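See below for the structure under consideration.
The values are calculated or read from the model by the stated rules, or taken from the named source; none is laboratory data. Source: prediction; values computed, not measured. Cβ atoms come from the backbone with ideal geometry, glycine included; neighbour counts cover every protein chain shown.
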Amino acid sequence: MKNLIAGNWKMNPNSKKEAQELFDAVKKGIKDVASEVVICPPDLFLSSLKGSALGAQNIFWEEKGAFTGEISAVMLKDLGVEYVIIGHSERRKYFGETDETVNKKIKKALEVGLKIIFCVGETAEEREQGETQEVLQRQIQQGLKDVVDIDNINVAYEPVWAIGTGNNCSVEETKESIDFIRKFVKPETIIIYGGSVKSENSGAYIKQAGANGLLVGGASLDAEEFLKIVKSAE
Ligand code: 13P
């Protein structure tokens, strides 16, 4: 099984020029790596970035029509985009995404032939209340409700409290959650970790926690650091 290392640029960088420079630097550095490396820039940069696997950060579940401001899975597929992140905690938190809308998006992405990076993870409060597994189970079961073929689904375990905080999840806790998530998917399903991943901690998630890759936010905006992370998974 190939490791999957995805860089989620979120709403960065500010210009097409910077996006191109960052992308080119990453592309150059991943020529001979064994992992599948996927860059997920803001949608409007997707058409100009070429020569390496791309992912979008969101989609809408309808195919076309009067949905101002939205982008469909079909449009992304047509551009040559291979992956889409669905259910990221920032979408759940700031844009009202629910397990139900996540489920609709997953179904549409699968129908169109996009590979999915399906994000799940508990908040700090949920972890303190001992609800981590309950939350993960709910997000997975509802997100994958009525989904029969999960071959194109990759699951990203992203504890919300670990995202952008520098407070990355311990290897032990990550392993526990990954082992738990494994019960709801196939033995060969790729399960990756995200949340304050840096080159100093990245290798341990793969070598010790059993993650099949990483979903990298902030550190994916620095080509040198991102490439170190990619190398740590080799
Ligand atoms: P950070 O790596 O910045 O914590 O972000 C993680 C993330 O949300 C990736 O999707």
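Report every pair of residues separated by at least 6 positions or lying on different chains whose Cβ atoms are under 8 Å apart, first residue within the range 69-98 and in contact (Cβ under 8 Å) with a residue 24 or more places away in the chain and on the phi > 0 side of the Ramachandran plot, second hydrophobic (A, V, I, L, M, F, W, C) and within 16 Å of the ligand (Cβ to nearest atom). Here the result reads G80/L54; G87/V102; G87/F118; G87/C119; G87/V120, each pair linking the range 69-98 to a residue that is hydrophobic (A, V, I, L, M, F, W, C) and within 16 Å of the ligand (Cβ to nearest atom).
Being without any contact (Cβ under 8 Å) to a residue 60 or more places away in the chain, in contact with a strand residue (DSSP E or B) (Cβ under 7 Å, 6 or more places away or on another chain) and crowded, with 20+ Cβ neighbours inside 10 Å is the filter here; which residues of the range 146-168 pass it?
If we filter the range 146-168 for residues that are without any contact (Cβ under 8 Å) to a residue 60 or more places away in the chain, which is where we start, we get 146-153, 155, 157, 159, 161-162, 164-168.
Those left that are additionally in contact with a strand residue (DSSP E or B) (Cβ under 7 Å, 6 or more places away or on another chain): 152-153, 155, 157.
I153, V155, Y157, listed by residue number.
Per this entry, K186 is counted among residues that are within 30 Å of V74 (Cβ to Cβ), modelled with pLDDT of 95 or more and surrounded by fewer than 18 Cβ atoms within 10 Å (Cβ to Cβ).
None of A211, A204 is farther than 27 Å from K105 by Cα and either assigned to a helix (DSSP H, G or I) or within 18 Å of the chain's Cα centre (by Cα) (or both) except A204. Looking across G203, G143, G130, G210, one residue alone is at negative phi, surrounded by fewer than 20 Cβ atoms within 10 Å (Cβ to Cβ), among the small types (G, A, S) and away from the ligand (no atom under 15 Å from the Cβ). It is G203. For the range 50-91, a residue qualifies if it is over 23 Å from V120 (Cβ atoms) and either within 16 Å of the ligand (Cβ to nearest atom) or of a type in the set (F, W, Y) (or both), and exactly one does: F67. If you go through the range 137-176 and keep only what is among the acidic types (D, E) and outside any helix (DSSP H, G or I), you end up with D146, D149, D151, E158. Suppose we filter the range 155-172 for residues that are more than 10 Å from the ligand (Cβ to nearest atom) and among the aliphatic types (A, V, I, L, M); how many remain? Looking only at that region, the number is 2.
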